[in-house]
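First comes the structure, then the notes that go with it.
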Amino acid sequence: MRVLTVTGVFNVQHSVDGGELVYVLTQASRLLVGSSLNMPDPSPFKMTHGRELWDLNDHDASFGNLFDKGMDADSGFIMDFVVDKCGDVFQGISSLVDVAGGLGGATQVIAKAFPHVECSVLDLSHVVANAPTGTDVKYIVGDMFESIPPANAVFLKECIKILKNCKKAIPSKEKGGKVIILDIMVGAGSSFINGAERDEQEWKNIILKAGFSDYKIMPVLGVRSIIEAYT
Ligand SMILES: C[S@@+](CC[C@H](N)C(=O)[O-])C[C@H]1O[C@@H](n2cnc3c(N)ncnc32)[C@H](O)[C@@H]1O
């Protein structure tokens with residue numbers, strides 16, 4: 001809700017009795033609302049397609065392809081800003097694996113900007129099958145829940161479920177190891193992931209709970225930030 005408030009979809013008001021915050025529609029979000037505000041369960045996506053998003057990607061090749069290309073385009077766009085504003089993050093790294101990196105839109109930008117970094121993408125077989133060939137990026141088929149190939153740095157964009165696995169794949173901070181997370185952050189450091197909002201304190205909790213000892217946050221563009229986590 002905080003993301004939607006910052007981006008103008010809702011306004012926040014205090015309730016008349018001064019108690020809980022109340023979210024109200026803005027002129028923009030009124031355009032999105034039909035006759036009812038009730039959100040159906042199962043989700044509209046599942047009702048339309050018969051499966052949740054991630055399920056469909058695997059079962060419908062043309063939909064999966066479209067989704068992967070969309071993510072790829074978004075990664076290419078945002079990574080130009082990351083390299084420009086937070087390029088230091090990739091200095092001193094010798095190898096990097098982009099976990100669940102899709103078609104490698106982000107990794108391709110990193111590989112071009114930092115040719116000394118040996119870059120790989122880890123993703124599922126049906127995604128890697130469509131990955132570009134003839135580039136400096138290596139594509140690895142694998143399951144991030146099982147294991148992550150060892151690298152100096154692990155890169156995650158919009159996929160933080162497997163932080164503990166990522167920690168196992170990198171060396172210590174002293175040896176240059178880090179996990180680099182690119183995700184959405186709003187306002188004074190809160191973020192939105194798969195429907196959950198996280199402010200800086202919540203990020204800190206997640207990172208420390210995953211066993212990391214320290215972290216650093218750098219804003220990139222709009223609501224996106226880079227978060228570095230160290231062992
Ligand atoms: C939201 S997309 C993100 C793609 C890419 N990181 C980006 O931002 O452009 C999620 C990716 O996770 C991959 N994925 C899902 N489950 C996975 C698993 N168990 N192991 C490896 N990759 C997985 C999907 O195939 C998909 O490419």
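The values are calculated or read from the model by the stated rules, or taken from the named source; none is laboratory data. Remember, it's a predicted structure, so these values are computed and weren't measured experimentally. Every residue, glycine among them, receives a Cβ derived from its backbone with ideal geometry; neighbour counts consider all protein chains shown.
For Asp123, indicate whether it is within 18 Å of Ile227 (Cα to Cα) and among the acidic types (Asp, Glu).
Against the criterion (within 18 Å of Ile227 (Cα to Cα) and among the acidic types (Asp, Glu)), Asp123 does not qualify.
Matching residues to (1) at pLDDT below 70; (2) touching a helix residue (DSSP H, G or I) at 6+ places or on another chain (Cβ under 9 Å):
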{"position": "Val154", "(1), (2)": "no, yes"}
{"position": "Leu163", "(1), (2)": "no, yes"}
{"position": "Ser172", "(1), (2)": "no, no"}
{"position": "Gly189", "(1), (2)": "yes, yes"}
{"position": "Ile193", "(1), (2)": "yes, no"}
{"position": "Lys204", "(1), (2)": "no, no"}
{"position": "Ala210", "(1), (2)": "no, yes"}
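Please indicate, with yes or no, whether at least one residue in the stretch 64-73 is farther than 19 Å from Met218 by Cβ and at pLDDT 95 or above.
no
Only residues that are closer than 17 Å to Pro149 by Cα and within 12 Å of the ligand (Cβ to nearest atom): list them for the stretch 100-127, please.
The answer is Ala100, Gly101, Gly102, Gly104, Thr107, Val121, Leu122, Asp123, Leu124, Ser125.
So which residues in the stretch 212-227 are of a type in the set (D, E, K, R), closer than 24 Å to Val6 by Cα and modelled with pLDDT of 85 or more, if there are any at all?
Lys216
Hey, does the stretch 11-32 have a residue that's modelled with pLDDT of 80 or more, small (Gly, Ala, Ser), within 23 Å of Arg224 (Cβ to Cβ) and away from the ligand (no atom under 16 Å from the Cβ)?
So far as the stretch 11-32 goes, no, none of its residues is modelled with pLDDT of 80 or more, small (Gly, Ala, Ser), within 23 Å of Arg224 (Cβ to Cβ) and away from the ligand (no atom under 16 Å from the Cβ).
Every residue, every condition in (1) among the polar types (S, T, N, Q); (2) free of Cβ contacts under 8 Å to residues at least 60 places away in the same chain, yes or no:
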position	(1), (2)
Arg51	no, yes
Gly64	no, no
Lys85	no, no
Asp98	no, yes
Gln108	yes, yes
Ser125	yes, yes
Thr133	yes, yes
Gly142	no, yes
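Give the stretch 71-99 a look and list any residue that's within 16 Å of the ligand (Cβ to nearest atom) and acidic (Asp, Glu), or say none.
Selection gives Asp72, Asp74, Asp80, Asp98.
Name the residues in the stretch 123-149 that are farther than 23 Å from Phe67 by Cβ and either over 20 Å from the mean Cα position of the chain (by Cα) or surrounded by 14 or more Cβ atoms within 10 Å (Cβ to Cβ) (or both), would you?
Within the stretch 123-149, Gly134, Asp136, Pro149 qualify.
Can you find a residue that is surrounded by 21 or more Cβ atoms within 10 Å (Cβ to Cβ), hydroxyl-bearing (Ser, Thr, Tyr) and at pLDDT 90 or above anywhere in the stretch 93-108?
So far as the stretch 93-108 goes, yes, one or more of its residues are surrounded by 21 or more Cβ atoms within 10 Å (Cβ to Cβ), hydroxyl-bearing (Ser, Thr, Tyr) and at pLDDT 90 or above.
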